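To start, the structure under review is shown below, and the notes come after it.
Nothing in this text is a laboratory measurement; each read-out follows from the coordinates by a stated rule. All values derive from a computational prediction rather than experimental measurement. Note: ideal-geometry Cβ built from the backbone for every residue, glycine included; neighbour counts use all protein chains shown.
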Amino acid sequence: MQIHSVSVDVGGRSLTIETGKYAKQSAGSVVVRQGDSAVLVTCVAAHTPARFDFLPLTVEYMDRTGGYGKIPGSFPKREGRSNEREILIARITDRPIRPLFPKTWRYETQIIGTVLSFDTDNDPDVLTVCGAAAAAHISDVPLKQPAAAVRVVSVGGQLYVNPTRAQADGADLNIVVAGTADAICMVEGGGKEVSEAQMLDAMDLGHSVIKKICVAIDKLRELTGSVAKRPIPEAAKHDEAVVAKVKDAAGAGVKAALGLRGKQERKDAMAAAKAAAVSAATGGIADSAAAAAAGVTALEVVEKLVKVGMRGQVIATGVRIDGRATDEIRPIWTEVGISARAHGSAVFTRGETQVFATVALGVDDEAQRIDFAGATSAFRRWMLQYNFPPFCTGEASPLRGPKRREIGHGVLAHRAVQYVLPAQEAFPYVIRASCDVLESNGSSSMGSVCAATLALLDAGVPMKAPVAGIAMGLIKEGDDFAVLSDILGDEDHLGDMDFKVTGSTAGITAFQMDTKISGVSREIMNKALQQAREGRLHILSEMGKTISTHRAEMSPWAPRITTIQIKTEKIKDVIGPGGKVIRGLQDKTGCKITVHDDGKIDVASNDQAKSAAAIAMLREITAEAEIGKLYVGVVKRIVDFGAFVEIFPGTDGLVHISHLAKERVNQVTDVVQEGDEVLVRVIDIDRMGKIRLSRKEALED
C-alpha cells in the first residue's frame, strides 16, 4: 500500500488530499481533510459506452451521522433517501465538474462523496468538490483539468476563506466559489444586500486560493504515477451528402423558426424543420438501420444549425431570437390578493414565465424541524417550496416528488428572501411560501423570488425591502461575447452561462452561476453583474406598481399573534401537570398558545375576542398578589385558625381568624363557609411566598 498526500493552507488551516489508502478498487479515490472533517470521494467510470447522447455523470453525497456522533432520528435508525442538504452538496459538486468532461464522453461515470468525520468549523461541502476533482483527475477518466472549491465569507468588511462556524454565522456574505486554475465556473450563495463590488472581491479571493488547490491536485496526480487517461471518443462523422440534404431541406425553416418570438410557435416551427430534415435524409434509403442513422444525423445537424444561427445572430447584430436587445427585459405584469383564503397571494408574469405564489402564516409549532448535519437551528421558521408541474412547459408527464432541480431552485429562492424578512421578535410568525410555476420559458426560479415577495407583501409581512431576481446568460465566440438579460429557455440551452442574481435596491441577497465553458473572466462577470443590477431595478419598479410595501392589515384568515411576558417561574402554572392547564385554555378559547422558555407567551387566533379571553385567563393564572391590593376570592378550605382563600387560580392565602371580622370571632364558620366569595386585602407576603389576607381590613374600606 502506497499512500500519497498533498496539503495546502486554506483559511489558516491545512487542507490535505490523500490517496492510496481507502477504496482502492475505484478508478480514483481520495480523502480530503480539513480540521476534524474528512470526506472520502470516489470516481468510477464504466468501460462500455452507454446508449445516451449526453454525458452520463451522476454525483452523490452522503452525510453519515456516525461521523459526527449522532444516531439517525428516523424510525429505522439508519440514513435513508438524500435530504435537502445532501442534494444541494451533490449539486454544487456536479456543476463545476461536469463542464470539464469531454463533450463526447459517453461512459457512465459516478462520483460519490461519503463523510467520514464532520466538525462544524469545516463544512464538507467544499471539501467534496475538491475531492471529486482530485478523484477524477488521478483516475483514467479524461478530465480536462482539475477544479476546486472554497467558501468565502465577509464579516465586517473582512473576507475569510473556509471560515469557522462563528465567522460563517455572523457573515454579511457567504458564497461557495468553484473553478479551475484558469477561471471561475460556479458560484453559489447569498448575502445581506451586498454590493456588486463586494461580490467580485470575494470571488477574486476565492479564485486565488482555488489556483493553489488545483496545483496541489496536479502534484497528487504526479505522485500517483500519472495513470494513463482513456482516449477521448471522437465525435461521430456525418455523411456529407446527408448533411447537404439536411441543410437544403431545413436551413430556411430553422432560420424562420429562430425569428418567431413565441415559444410554442418557435417550437412548432422547429419541429416542422426537423421533420423536413429527417424526411430529406432518410428518403430513398431502404435499409432500416441506415435510415435510422441518417435520421439521427439529420437531427444533430439541425441542432447545430439552431445553435450556430442563434449565437451568430446575437454576436453579429445584438438581437436575440425573440427580437429583444441583449439588456432588454420582457414585459411584466403582476397581481396580488387573488386567493381569497390564502394569507397572501400573487402572480408574477414576465414574458412567457409565470409563477403563482401563496403565503401562509403560522405559529411556532408549525416550524419545520431540521435534522441536517451542522444545522445552526433545530427549526426553520421561513420556508419556500418550488413546484414545477409538467403543464408549465406544455407537456404531459407523471407528477412525482420534487426533483433535485426543484429542490435547488427552491433553496435559491428561499435564500433570496430570507435576508430581508423581519426578526422573530418583531414578527413572531412562522412563514411558508409555495411557488407554483404556471408557465416556463426562462428562469422560473427568479420568477418565484418575485412572486414570493409580492405574496409576502400582500400578507402584511414587514419585509426590510422587496426583492426581485433576474437570470443572465452569455454567448461567447472567441474574444467576442454578449451578456444577455432575462434569458429564455432556448438561450439557456444554447448559451455558455446561467447566472442568477437576486436582491433589493440596496444590494444582492442571493447569487448562483454555472457555466458550460471552462470559466468566465472578471471582465465578463463585472459586466454581467452591472447589467443584472439594472435589470433587477427595472423589475422591482414594475412590481412596485402593484404593491410597493407590506399591507397594514393582515388577512382576516391569518392568525393574530399577541405576545405577553410572564415570570419564568410561572411557566409551570400555565402548562400545568402533563400540560393539562394549557390544553384546557386552548380548548376553551380555540386559540393556539405557545410558551417560550424565556417567559414569552404567544397567543394566536384570527378572532380578537377569543384572543382577549385567552390573554385574560393567562393573566389570571400568572397574576401575583400585591400587598395592599383588594381581591375577590373563594374560600377553599377552613381550619381552626382561619380560612384559606383562593385569590387567583392556584394561588391562595390565609385569612387568620383574627382578620375575619371587625368584632371577635369564636369560630371561622360563624363568618364564612367553604365556597363563599369574600373580599380580602393582601397584608403581607413572606420570604417563602406565603400570602396573608385580611377580610377585616377590606371591610374597613
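Observations on the model:
- Tensor-based shape of the range 104-195 (alpha-carbon gyration tensor, a/c under 1.5 rounded, otherwise prolate or oblate): prolate
- Out of every Cα-Cα pair that the chain contains, those further apart than 43 angstrom amount to 41 percent.
- Ellipsoid equivalent to the range 475-588 - semi-axes via the Cα gyration tensor, in Å: 53, 19, 14
- Global geometry of the range 298-337, whether rounded, prolate or oblate, following the gyration tensor of its Cα atoms and the 1.5 cut on a/c: oblate
- Cα centre as origin, Lys/Arg/Asp/Glu Cβ charges: the chain dipole, Debye: 1020
- Remark: Phe118, Phe356 ranked as Phe356, Phe118, counting other beta-carbon atoms within 10 Å and listing the fewest first.
- Per-pair calculated FRET efficiency, R0 = 22 Å: Glu646 and Gln667 via Cβ, rounded to 0.05: 0.55
- Spatially proximal lysines relative to Lys144 (Cα-Cα < 22 Å; intrachain offsets below 8 disregarded): Lys103, Lys211, Lys212, Lys219, Lys229, Lys476, Lys516
- Calculated mean residue ellipticity, 222 nm, the chain: -10500 deg cm²/dmol, from DSSP H runs (n ≥ 4) at -39500 (n - 2.57) each, averaged per residue and rounded to 500.
- Only the Cβ atoms of Lys and Arg (+1) and of Asp and Glu (-1) were treated as charged; on that basis the dipole of the range 240-317 about its Cα centre amounts to roughly 420 debye.
- For the pair Lys636 and Ala378, label points projected 7 Å from Cα toward Cβ lie 3.3 nm apart.
- Of all aspartates and glutamates in the structure, those lying under 14 Å Cα to Cα from Lys307, and not within fewer than 8 positions of it along the same chain, are Glu477, Asp490, Glu491, Asp492, Asp496.
- The phi torsions of the range 98-112, fed into the Karplus equation with coefficients 6.51, -1.76 and 1.60 and a -60° offset, translate into couplings of 3, x, 8, 7, x, 4, 9, 5, 10, 9, 4, 10, 10, 10, 10 Hz, rounded to whole numbers, with Gly and Pro shown as x.
- Remark: the range 68-77, residue by residue, has Karplus-estimated 3J(HN,Hα) of 10, x, 9, 8, x, x, 6, 4, x, 6 Hz, where x stands for each Gly or Pro and the curve is 6.51 cos²θ - 1.76 cosθ + 1.60 at θ = phi - 60°.
- Remark on Glu79: its backbone amide H falls under 5 Å from none of the residues 5 or more positions apart or on other chains, H modelled at 1.01 Å from N.
- Spin-label pair Thr48/Asp140, simplified geometry with 7 Å Cα→Cβ offset, distance in nm: 1.6
- Stretch gain in nm, segment Arg81-Ala396, where the contour uses 0.36 nm per residue and the Cα spacing is subtracted: 110.7 nm
- Shape index of the range 4-223: Rg/Rh, with Rg the Cα radius of gyration and Rh the Kirkwood radius from the inverse mean 1/r over Cα pairs, equals 0.97.
- Using the average count of surrounding beta-carbon atoms within 10 Å as a protection proxy, the listed peptides 650-658, 256-264 rank, highest first, as 650-658, 256-264.
- The trypsin sites (Lys or Arg not before Pro) of the range 162-236 include none that meets both criteria, a DSSP state outside H, G, I, E and B (loop) and at most 11 other C-beta atoms within 10 angstrom of the site's C-beta.
- Tensor-based shape of the range 629-701 (alpha-carbon gyration tensor, a/c under 1.5 rounded, otherwise prolate or oblate): rounded
- Segment Glu303-Gln264, length gained on full extension (0.36 nm per residue, minus Cα span): 12.3 nm
- For the range 240-317, pairs of C-alpha atoms spaced more than 18 angstrom apart make up 39 percent of the total.
- Packing, as the average of other Cβ atoms within 10 Å across residues, places the peptides 520-530, 406-416, 678-688 in the order 406-416, 520-530, 678-688, highest first.
- Ordering of 444-452, 358-366, 235-243, 484-492 by packing [mean C-beta count within 10 Å, highest first]: 444-452, 484-492, 358-366, 235-243
- Extension gain, Lys255 back to Glu620 (0.36 nm per residue minus Cα-Cα distance, nm): 123.5 nm
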